[in-house]
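Working notes, structure below.
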Amino acid sequence: MVPVLVAVLVWFSTNSASAQAQATAVGCNWHCYRVALPLGLAIREVIDDGSFVTLEDGSVWEIRLSQRPVASSWQPGDFVQLKTVWAPVDRFETLLAHGDSDRAEARLAGRKQLAASGHQ
């Protein structure tokens, strides 16, 4: 009885492991990686009543429509944390968090060329 039980458990564990590996590969399309985000950055500008936020590194983020009123209150120089949204909607995969309660889902819209500063 014990050898049969061991054989069944071994068979199920190998099938389960291969099924998990296949499930990961099957559900994966062009976006199968996680980007390492910086802890946070300062806001350079808020554009079009919170529709877009430009950060100090030149990245421009589109803010999800329902959260634009939150982003419109942000000011240049404010620090926002960048966090991953684990269940994104419409590719708004990054959360910009200012303080404890001001949060807005965002997606990368592009980059602005930053003016060269005199620092080296």
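The values are calculated or read from the model by the stated rules, or taken from the named source; none is laboratory data. What you see is a predicted model; the values in this text were computed from it and never measured. Cβ atoms come from the backbone with ideal geometry, glycine included; neighbour counts cover every protein chain shown.
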Query raised in the report: So which of 68, 44 ends up being at pLDDT 95 or above, part of a helix (DSSP H, G or I) and charged (D, E, K, R)?
Result: 68
Report task. Please identify the pairs in which a residue from segment 64-78 that is in the same structural domain as residue 99 (by TED's automatic domain parsing) and over 13 Å from residue 101 (Cα atoms) has its Cβ atom under 8 Å from the Cβ atom of a residue that is surrounded by fewer than 16 Cβ atoms within 10 Å (Cβ to Cβ) and acidic (Asp, Glu), counting only partners at least 6 apart or on another chain. Result -> 64/90; 68/49; 72/49; 76/45
Query raised in the report: Does residue 58 fit the bill of being under 12 Å from residue 108 (Cα atoms), over 11 Å from the mean Cα position of the chain (by Cα) and surrounded by 13 or more Cβ atoms within 10 Å (Cβ to Cβ)?
Result: yes
